[in-house]
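> For reference, the structure I am asking about is given below.
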Amino acid sequence: MGISNQLKNQHLLWRAGFGPDTVPVDELSSDSNKKLIKAIFKASEKVPAYIDVADPAIKEIYQGMEEMYRQKRQLTEEQRKLVRDRSRDGIRALNLTWLNQMVHSEQQLREKVSLFWHGHFACRTVNIVHQQQLLDAIRRNALGKFPDLLREVSKSGAMLNFLNNNQNRKDHPNENFAREVMELFTLGRGNYTEDDIKEAARAFTGWGSNASGNFVFRKNQHDTAKKKVLGKSGNFNGDDILDILIQHPQTAQYITRKVYRYFVNETENEEQIKWLADRFYKGGYDISALFQDIFTSDWFYDQRNVGSIIKSPVLLIAGIRRAIPMEISNEEVQITLQRLLGQQLFYPPNVAGWPGGKNWIDSSSLMLRLRIPQMIYAEDTLTLKPKDDDDQMMGMKDQGDRKQKMKAFAQKRGGGQVIAATVNWDAYTKLFEKISREKLLPAISSSVLQTSNSVTVSTLDKYIDNSSRENYIRSATIQLMSTPEYQLC
């Protein structure tokens with residue numbers, strides 16, 4: 001049985017972005033799916049602007065560090081504290097700025113695919129300059145050619161430092177970078193040998209970065225001797241190894257399988273993955289074309305794929321903000337929510353990134369997920385507290401007066417942080433102005449939920465405010481967003 005055109009379009013907006021924004025229900029029902037796909041790709045064509053939130057003083061220090069090293073000078077204690085504190089502030093600002101892009105940008109596909117690559121090329125560093133360079137490389141290349149993305153990420157200061165390749169020298173090879181490039185970025189585990197890693201590590205000797213995050217090839221530290229990797233022999237350097245990995249069809253299989261699980265269904269369909277991977281490989285790893293193949297395929301809109309994916313914490317937060325337009329005056333609370341729900345941007349749990357799928361949900365995170373809409377509606381207090389780890393909190397413990405005032409206010413209400421959001425309910429309720437009263441609840445339900453297992457009307461009616469049409473729409477929406485069904489898209 002086919003799905004309605006409205007559900008089809010909503011499915012596309014959730015998978016190719018962060019969900020529908022303020023689009024009237026009748027438009028979603030009548031809009032051509034093909035036309036919507038075309039508009040989504042068109043909107044993401046433009047190269048995104050560089051997100052620069054780093055403190056100028058920090059950038060100046062990093063730019064001057066090479067000269068300081070040459071003069072054998074070290075940072076003063078005051079400079080070290082400045083770098084440490086401002087970098088943490090910067091990463092917090094980068095988190096919130098990028099999250100706002102996910103909510104408000106018309107380039108929904110680019111930002112959604114960038115979020116995928118952010119997890120694929122997982123990298124944890126407190127260096128704000130390196131971190132925003134890496135994010136820029138990912139966002140610019142998110143829909144381009146995978147070899148370009150792989151090469152730029154692999155040569156970024158953030159990744160080279162995170163995977164210890166600055167310590168990879170011909171006399172003392174460090175295999176960490178080569179191992180992760182093969183295991184996590186290209187082939188996947190089990191498709192290479194330990195000897196392949198050792199030989200590839202020799203090829204990557206000499207690859208490093210300077211303090212500003214720019215790639216540096218240190219010729220004297222490079223092993224120029226012959227290597228043998230994946231059955232091929234030569235005097236390979238790092239670029240040669242990336243070429244060998246790209247030429248291997250397994251890389252297309254591995255990337256496509258991961259994309260399929262993230263954007264289509266956690267349950268894999270081998271026939272569909274093979275079809276996509278073959279076209280991805282033969283098409284020169286064109287990422288945009290891969291997503292065109294997915295979103296224009298009939299099977300993408302099969303009932304089995306609709307509402308089958310558990311929303312990641314970032315997708316959940318961004319999706320709620322897109323659905324009901326709001327201004328959050330204490331934006332930092334979103335970082336706390338990310339931490340509590342298990343996905344804090346720029347802080348992946350390890351080199352493999354976030355596992356996703358059913359791992360997003362446990363008993364405590366599900367309870368919090370269900371409470372978030374109610375907390376926004378009532379400006380309720382977030383009483384849960386993440387572990388007191390200032391490294392993960394990115395300096396949130398030391399924020400200024402504004403946060404202290406919010407904390408004091410929250411403590412009067414029982415502790416924790418208040419989600420201080422001003423919701424534009426007029427814009428939201430207007431979406432349903434053409435819907436008759438008796439059809440209102442089914443219309444809201446089909447707009448909010450991506451599942452055919454709708455919540456029963458009799459159950460909902462117990463909790464909905466019937467005092468006015470506007471209150472009915474508001475309370476019904478919040479109730480539906482507070483259900484387990486809303487966790488799926």
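The values are calculated or read from the model by the stated rules, or taken from the named source; none is laboratory data. Predicted, not measured: the structure shown is a model, and the values here were computed from it. Here Cβ is always computed from backbone atoms with ideal geometry, including for glycine, and neighbour counts include all displayed protein chains. These area figures cover heavy atoms from the full protein model, side chains too; ligands, DNA and RNA do not enter into them. Shrake-Rupley method; radii C 1.70, N 1.55, O 1.52, S 1.80 Å.
> Say whether the condition of being open to solvent by less than 40 Å² (accessible area, probe 1.4 Å), under 22 Å from L109 (Cβ atoms) and assigned to a loop (DSSP other than H, G, I, E, B) is met by at least one residue in region 328-338.
no
> Related question: Considering only residues that are open to solvent by less than 20 Å² (accessible area, probe 1.4 Å) and of a type in the set (D, E, K, R), which ones fall in region 100-114?
Selection gives R110, E111, K112.
> Shifting gears a bit: Quick one: is L341 in contact with a Ser or Thr (Cβ under 8 Å, 6 or more places away or on another chain) and open to solvent by less than 50 Å² (accessible area, probe 1.4 Å)?
Yes; evaluated as a whole, the condition is true for this residue.
> Checking the structure you have, find out if any residue of region 358-373 is in a loop (DSSP other than H, G, I, E, B), of a type in the set (F, W, Y) and modelled with pLDDT of 90 or more.
no
> Still on this structure, I have one more. From the list K258, K232, K227, which one is at pLDDT 95 or above and open to solvent by 70 Å² or more (accessible area, probe 1.4 Å)?
K232 is the lone residue from the list that is at pLDDT 95 or above and open to solvent by 70 Å² or more (accessible area, probe 1.4 Å).
> Would you confirm, using the coordinates I've provided, whether D171 is modelled with pLDDT under 95, open to solvent by 10 Å² or more (accessible area, probe 1.4 Å) and closer than 25 Å to K219 by Cα?
Yes; evaluated as a whole, the condition is true for this residue.
> Which members of region 109-131 meet the condition of being part of a helix (DSSP H, G or I), of a type outside the set (D, E) and touching a Pro at 6+ places or on another chain (Cβ under 9 Å)?
Matches in region 109-131: R110, S114, H118, G119.
> Between a first residue in region 210-225 that is farther than 22 Å from Q63 by Cα and acidic (D, E) and a second residue that is outside any loop (DSSP other than H, G, I, E, B) and at pLDDT 95 or above, which pairs have beta carbons less than 7 Å apart while being 6 or more apart in sequence or on different chains?
Going by the 7 Å Cβ cut-off, the qualifying pairs are D223/R202.
> What are the residues in region 21-53 that are over 21 Å from L143 (Cβ atoms) and either in contact (Cβ under 8 Å) with a residue 60 or more places away in the chain or in contact with a His (Cβ under 9 Å, 6 or more places away or on another chain) (or both), if any?
Residues satisfying the conditions are T22, V23, P24, V25, D26, L28, D52, V53.
> Under the condition of being free of Cβ contacts under 8 Å to residues at least 40 places away in the same chain and not in a helix (DSSP H, G or I), which residue from region 294-318 is surrounded by the most Cβ atoms within 10 Å (Cβ to Cβ)?
D302
> I'd like to verify a number: residues in region 43-73 that are open to solvent by 90 Å² or more (accessible area, probe 1.4 Å) and within 21 Å of the chain's Cα centre (by Cα), how many?
Within region 43-73, residues that are open to solvent by 90 Å² or more (accessible area, probe 1.4 Å) and within 21 Å of the chain's Cα centre (by Cα) number 4.
> Something else now. Considering every residue within region 126-145, establish whether at least one is under 18 Å from L12 (Cβ atoms), among the charged types (D, E, K, R) and under 16 Å from the mean Cα position of the chain (by Cα).
no
> Taking L134, is it in a helix (DSSP H, G or I), under 24 Å from G356 (Cβ atoms), open to solvent by less than 40 Å² (accessible area, probe 1.4 Å) and touching a residue at least 40 places away in the same chain (Cβ under 8 Å)?
Judged against the criteria, L134 is not a match.
> Where the second residue is at pLDDT below 80 and of a type outside the set (A, V, I, L, M, F, W, C) and the first is farther than 19 Å from S312 by Cβ and open to solvent by 60 Å² or more (accessible area, probe 1.4 Å) and lies in region 361-388, which pairs have Cβ atoms under 6 Å and are six or more apart or on separate chains?
Final answer for the pair search is T383/G415; T383/G416.
> Any residue in region 101-108 that is among the charged types (D, E, K, R), touching a residue at least 40 places away in the same chain (Cβ under 8 Å) and outside any helix (DSSP H, G or I)?
Within region 101-108, one or more residues are among the charged types (D, E, K, R), touching a residue at least 40 places away in the same chain (Cβ under 8 Å) and outside any helix (DSSP H, G or I).
> OK, next. Give region 236-255 a look and list any residue that's in contact with a helix residue (DSSP H, G or I) (Cβ under 9 Å, 6 or more places away or on another chain) and open to solvent by 10 Å² or more (accessible area, probe 1.4 Å), or say none.
Within region 236-255, F236, N237, D239, D240, D243, I244, I246, H248, P249, Q250, Q253, Y254 meet the criteria.
> Could you tell me whether region 1-17 includes any residue that is open to solvent by 30 Å² or more (accessible area, probe 1.4 Å) and more than 18 Å from Y301 (Cα to Cα)?
No - not one qualifying residue is present in region 1-17.
> Another question about this same structure. Looking at region 18-39, which of its residues are within 22 Å of the chain's Cα centre (by Cα) and crowded, with 21+ Cβ neighbours inside 10 Å?
Of everything in region 18-39, those that are within 22 Å of the chain's Cα centre (by Cα) and crowded, with 21+ Cβ neighbours inside 10 Å turn out to be F18, G19, P20.
> Between a first residue in region 182-199 that is in contact (Cβ under 8 Å) with a residue 24 or more places away in the chain and within 16 Å of R151 (Cα to Cα) and a second residue that is among the hydroxyl-bearing types (S, T, Y) and assigned to a helix (DSSP H, G or I), which pairs have beta carbons less than 7 Å apart while being 6 or more apart in sequence or on different chains?
Partner pairs satisfying both residue conditions: T186/T251; T186/Y254; L187/T251; L187/Y254.
> Assess whether R140 counts as being buried (at least 16 other Cβ atoms within 10 Å of the Cβ), at pLDDT 95 or above, under 29 Å from L99 (Cα atoms) and basic (K, R).
yes
> Can you name the residue in region 74-99 that is of a type in the set (S, T, N, Q) and free of Cβ contacts under 8 Å to residues at least 24 places away in the same chain and is also surrounded by the fewest Cβ atoms within 10 Å (Cβ to Cβ) among such residues?
Out of the qualifying residues, it is T76.
> Looking at T456 and the list (1) under 34 Å from the mean Cα position of the chain (by Cα); (2) surrounded by fewer than 14 Cβ atoms within 10 Å (Cβ to Cβ); (3) touching a residue at least 24 places away in the same chain (Cβ under 8 Å), which single condition is not satisfied?
Of (1) under 34 Å from the mean Cα position of the chain (by Cα); (2) surrounded by fewer than 14 Cβ atoms within 10 Å (Cβ to Cβ); (3) touching a residue at least 24 places away in the same chain (Cβ under 8 Å), only one is false for T456: (3).
> Has region 197-211 got any residue that is of a type outside the set (S, T, N, Q) and modelled with pLDDT under 95?
yes
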